[in-house]
Amino acid sequence: MSDNENGVSAGTVMLSFLAGAAVGAGLALLYAPKSGRELREQISDLAEDAVDKIKEYTKEAQEKVKSTLEEGKDIIKEKKSILSTAIEAGKEAMEREKEKYKEA
């Protein structure tokens, strides 16, 4: 997950932008000269569109989080394997050195 300089993810910025756009569009509709019924229908349509987009971006964000977690798990497994190998090699070297001192 890439964060900008303020520590806010791109998904959060996009979600905030969409929410602001929805509020702005809603206010524009409220001030437009229309009948009450037309206005309510437009606000309803706008709200449905905003909810759909928010759900879509939320789903994308969840998928990115899952992907990042899986990548993190893979990296941890790899580093754990490397560390285990290094520890095992260190133990073997220590045993060889002990054998040298026993023989001497």
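Straight Cα distances below 27 angstrom link Lys79 to the lysines Lys64, Lys66, Lys91, with same-chain residues fewer than 8 positions distant left out. Between the Cα long axis of helix 36-103 and the first principal axis of the chain there is an angle of about 0°, rounded to the nearest 10.
Of the residues Glu71, Glu63, Glu88, the one that moves most in a GNM of the chain with alpha-carbon contacts below 10 Å is Glu88.
When a 1.4 Å probe is rolled over the protein heavy atoms, the share of accessible surface on the chain that falls to carbon and sulfur comes to 59 percent. Surface exposure of segment 35-104, expressed per residue as accessible area with a 1.4 Å probe, stands at 90 Å².
A cut-off under 15 angstrom between Cβ atoms defines the neighbours of Phe17, and their net charge, with Lys, Arg +1 and Asp, Glu -1, is -2. Solvent-accessible surface (1.4 Å probe) assigned to Thr68 amounts to roughly 50 Å². Taking the longest Cα principal axis of the chain as reference, the axis of helix 10-31 is set at about 10 degrees.
The values are calculated or read from the model by the stated rules, or taken from the named source; none is laboratory data. Everything numeric in this text was worked out from a predicted model, so none of it was measured. A quick note on method: Cβ atoms are made from the backbone with ideal geometry, for glycine too, and the neighbour counts reach across all protein chains shown. Note: areas computed on protein heavy atoms with side chains; ligands, DNA, RNA excluded. Shrake-Rupley method; radii C 1.70, N 1.55, O 1.52, S 1.80 Å.
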